[in-house]
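For reference, the structure is listed below as structure tokens.
Quick note: the coordinates plus some simple rules give every number you see, no bench work behind them. The shown structure was predicted, so the numbers you read here are calculated from the model rather than taken from an experiment. Cβ sites come from the backbone with ideal geometry, for glycine too, and all protein chains shown count toward neighbours.
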There are 2 protein chains.
Amino acid sequence: MMKNIIKSVKGTRDFYPEEMAKRQWLIEKIRETSQLFGYEAYDGPCLETIELYAAKSGEELVKEQAFVFPDRSGELIALRPELTPTLARMVAAQQNALTFPLRWWSFGPFWRYERPQKGRSREFFQWNIDLIGVEGVEADAELIAVAATFFRNLGLRPDQVQILVNNRKLMEAELNRIGISAELRPAVLRLIDRIDKQPAEVWDENVLRLGLLPDQLSSLKALLANKDLWQQSEELQALFKQLEALGVAEFVSYDPKIIRGLDYYTGTVFEAHDMTGEFRAILGGGHYANLVEDVGGKPLPGVGFAMGDVVIMLLLEALGLIPEQKSASKAVLVTVFDEATQAIAMRTAARLRDEGVQVILYPEADKLSKQLKYADRLGARLALFIGPDEVAENTVVIKDLATHQQESVPMQALVERVKNLLA
Amino acid sequence: MMKNIIKSVKGTRDFYPEEMAKRQWLIEKIRETSQLFGYEAYDGPCLETIELYAAKSGEELVKEQAFVFPDRSGELIALRPELTPTLARMVAAQQNALTFPLRWWSFGPFWRYERPQKGRSREFFQWNIDLIGVEGVEADAELIAVAATFFRNLGLRPDQVQILVNNRKLMEAELNRIGISAELRPAVLRLIDRIDKQPAEVWDENVLRLGLLPDQLSSLKALLANKDLWQQSEELQALFKQLEALGVAEFVSYDPKIIRGLDYYTGTVFEAHDMTGEFRAILGGGHYANLVEDVGGKPLPGVGFAMGDVVIMLLLEALGLIPEQKSASKAVLVTVFDEATQAIAMRTAARLRDEGVQVILYPEADKLSKQLKYADRLGARLALFIGPDEVAENTVVIKDLATHQQESVPMQALVERVKNLLA
């Protein structure tokens, strides 16, 4: 009787070569864009102590969403749910040795115990990128330009994706202006952050329940509908001018409803969304006044964003923007005619590899039709044949698997001919 | 009072940009070599159920070394200590859809709860590479050729590193020949695997304690000293011939003491070692008769090896074979003269990035000497200056930070000139 195949863990993904090629393609786009702006790659551990997240992350993230477990010595360890606490720890530990401003990016796995659903998985990958040690809004403009340039490099257009921007200081001032007290403001900001996830009446009720007067609710709603509110903020005025100079303004719009959940943002905040509204936020980030003080460092401002791999790939897939990945399209399959010629097939494979040619050597002297079928299924570009006749004449037959043409070439001309055909 | 900086988890590593660049360099060497032989990248989850490892891994690995914890639903989950069980699960799940032979490779993080020491960390990276669906020794030759080609690509010489080869069937036959029963053989093989980790008398005692006669101990020791034992194995004879044809024989030697700990190896086994004997094994692998039956698939032979990132990097470091990684060596630093010229500095940065030039934009109008010092510390290649004079003349000053020469070029000639200087 056949046993059942053991299952994978819920919310994790298997990356078969086809999916892996797409993930690798995405990483290369991330790397190109990050490097274009002079950012350096770094990485932290996947495991951190629970103390680190207690000091730095929002409560929901650690208590409700992190995978936490005791190690064999009893210490509580978490699988990283986000990278910022690790970044803060690493910067704090080397604060006197590092050259500021720091431009750092990273890509790696993260874990959150969420209900698996469209656009969410429990094990996911995330791009993190931060500019640290700059107080001014120039830093915010640069990170938004990084995001916009990334979208452009993927082939996304401004009518397909927009980076929505707001400013925490502006919102604090505006909430103050309509008479919402400093104590109430964090709760109001959290509600604004969720306004698109609740029916309008429920949201109104929730606002009134916080203690706002009906008058204040109206003012708040007017404020959230005011697309010109940014003109009240010198920072946002400067930011939009700089985004113009950086050539990315077409990808950016103002939205007073953008707040971002994390408590540590203090200035510009932003989120990228697809324009159909079909998907969750693609990426999100903002300006923080102080990255490292909570973990033991000296105050340090900066700006950063994080992008998961799931939503962006769903969007690119929907828009047909992921190019077909063919790993064998530059490969040569070397066939094996019989046992007597196997050694010369091996030597030929080694000779081509020495010259940097990707060679798949058929592992045994099987029927040639089977070997050719295998080459076709892999999508190899060329197949080589060395039978007894070729050995006697010191030649090789090259078959072009795209055009189906074949030719016989002298062994000493093989490398050059193969390279020409692959070029 | 200054708080203490929160510590990282014991046995984990922080990858600051300099270390990360080395890790990235190693990955690229792994990718190049894997692709040269036609292998496709894949990856599995970092989390798997404990059932998977119970079915596939050796007992020591799961019970003593894996990080195991219950998830929020109570299911026992392990952080992967090795990739082979995941590979088996993935292949079994798609066994009817995949094109065999499969050539797959992977690089990613793994976790083992080991005492942190030289050459070991609790969180490490591993290269896994497998050729699946081939019975013959040709598959073994190919994987050994992959390892040898990888060493060659790193600049390692055969007098610095050797791949030591043995064969499980040969050892079974030889143990049988000297009268060691089938039941005793697994225990004897495990002792051979540890012969270099115990003093000779202790090892002898352990062998006798298993129930071997003093005579058999002598025969066993003679056998383990016999470097020509491979001539008793048709598989090893064929293997060495093929390694010759593949051009990698100089990196391979026979060693009757090579066994490998894992129970699922059934034929060729191999380990790579540095010739000074300073470090642990660099990589290890072997031939298995059946990858997927334990997890619910149909029998499938193959061969594979795994290499951790720690030992190979220690060895390369010791031999001075890791090239200096300079991330900014192709970068242009665009300085900001004052607030009035900041927008034109930004436009210039954007224009160069549009042409694929890596640009670090100084974030504010700071003292030029400070901006230049920053460029030097990053190791940038060029610095650009656009002050009021340059704006008036529509020019840019380019300073070569290597030669300290500077020149003024018309704005419209900038891109071409910068590209020439960087080429």
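Just in the range B:261-353: which GluC sites (Glu not before Pro) are loop by DSSP and have at most 16 other Cβ atoms within 10 Å?
Values: sites: B:Glu271, B:Glu278, B:Glu293, B:Glu317, B:Glu324, B:Glu339; in loops: B:Glu278, B:Glu324.
Answer by residue number: B:Glu278, B:Glu324.
Too long at a 21 Å Cα-Cα cut-off: which of A:Lys399/A:Lys419; B:Lys330/B:Lys367; A:Lys370/B:Lys29; B:Lys370/B:Lys399; A:Lys298/B:Lys118; A:Lys197/A:Lys221?
Details: A:Lys399/A:Lys419 14 Å; B:Lys330/B:Lys367 24 Å; A:Lys370/B:Lys29 32 Å; B:Lys370/B:Lys399 15 Å; A:Lys298/B:Lys118 33 Å; A:Lys197/A:Lys221 16 Å.
From the list (A:Lys399/A:Lys419; B:Lys330/B:Lys367; A:Lys370/B:Lys29; B:Lys370/B:Lys399; A:Lys298/B:Lys118; A:Lys197/A:Lys221), the Cα-Cα distance tops 21 Å for B:Lys330/B:Lys367; A:Lys370/B:Lys29; A:Lys298/B:Lys118.
Can you list which of the GluC sites (Glu not before Pro) found in the range A:139-193 are DSSP loop residues with at most 14 other C-beta atoms within 10 Å?
Values: sites: A:Glu142, A:Glu172, A:Glu174, A:Glu183; in loops: A:Glu183.
Loop-located and lightly packed - A:Glu183.
Report the trypsin sites (Lys or Arg not before Pro) located in the range B:201-277 that are in a DSSP loop and have at most 13 other Cβ atoms inside 10 Å of their Cβ, or state none. The partial results should precede the final answer.
Details: sites: B:Arg209, B:Lys221, B:Lys227, B:Lys241, B:Lys257, B:Arg260; in loops: B:Lys227, B:Lys257, B:Arg260.
Answer by residue number: B:Lys227.
So for the protein assembly as shown, Kirkwood radius off the Cα pairs, Stokes-Einstein at 25 °C and 0.890 mPa s: how many µm² s⁻¹?
Working: Rh = 30.1 Å.
D = 82 µm²/s.
Please find the FRET efficiency linking B:Arg185 to B:Asn290, where r is the Cβ-Cβ separation and R0 is fixed at 25 Å, and quote it to the nearest 0.05.
It comes to 0.85.
Between copies, how far does the label point of B:Leu319 sit from its twins, in nm, shortest first, when each point is 7 Å from Cα along Cα→Cβ?
So the label point of B:Leu319 gives 4.7 nm to the other copies.
With the Cα gyration tensor of the range B:331-422 giving a ≥ b ≥ c as the square roots of its eigenvalues, does the rule (a/c under 1.5 for rounded; else a/b larger than b/c for prolate; else oblate) give rounded, prolate or oblate?
Values: a/c = 1.29, a/b = 1.02, b/c = 1.27.
In terms of gyration-tensor shape, rounded.
To the nearest 500 deg cm²/dmol, what mean residue ellipticity at 222 nm is calculated for chain A from DSSP H runs of n ≥ 4 alone, each contributing -39,500 (n - 2.57), summed and divided by the residues? Don't jump to the answer; show the numbers that get you there.
On the way: 14 runs with 157 residues, N = 423.
Here the helix-only value at 222 nm equals -11500 deg cm²/dmol.
Applying 1/(1 + (r/R0)^6) with R0 = 25 Å to the Cβ-Cβ distance of A:Asp228 and A:Glu278, what FRET efficiency is obtained, to the nearest 0.05?
Values: r = 28 Å, r/R0 = 1.10.
After rounding, the FRET efficiency stands at 0.35.
Placing a label point 7 Å from Cα toward Cβ, how far apart in nm is B:Asp389 from its equivalents in the other copies, listed shortest first to one decimal?
7.7
What list of ³J(HN,Hα) values in whole Hz, one per residue of the range A:172-182 in order, does the Karplus curve 6.51 cos²θ - 1.76 cosθ + 1.60 (θ = phi - 60°) give from phi, with Gly and Pro shown as x?
After applying 6.51 cos²θ - 1.76 cosθ + 1.60, I find 4, 5, 5, 5, 4, 4, 8, x, 8, 5, 4 Hz.
So what does log10 I(q)/I(0) come out to for the range A:80-176 at q = 0.11, 0.19 Å⁻¹, using the Debye formula with one equal point on every Cα and no solvent?
Those come out to -0.50, -1.22, one per q.
Please report the residue of chain B with the smallest beta-carbon distance to the B-to-A rotation axis, and give that distance in Å, no decimals.
Its Cβ sits closest to the axis: B:Phe69, 2.
Straight-line reach from B:Lys63: which lysines have Cα under 21 Å away, leaving out those fewer than 8 places along the same chain?
Output for B:Lys63: A:Lys7, B:Lys10.
Pick from A:Asp130, A:Asp274, A:Asp389: which is most flexible by mean-square fluctuation in a GNM of chain A where alpha carbon atoms under 10 Å apart are linked?
A:Asp389
Report, for B:Glu201, each distance to the same residue's label point in the other copies, shortest first and in nm; define the point 7 Å along Cα→Cβ.
In ascending order, 9.0 nm.
What list of whole percents do you get for P(r) of chain B, with Cα-Cα distances grouped in 10 Å bins up to the one holding the largest distance?
Spelled out per bin, shortest first, that is 4, 17, 22, 20, 14, 11, 7, 3, 1, 0.
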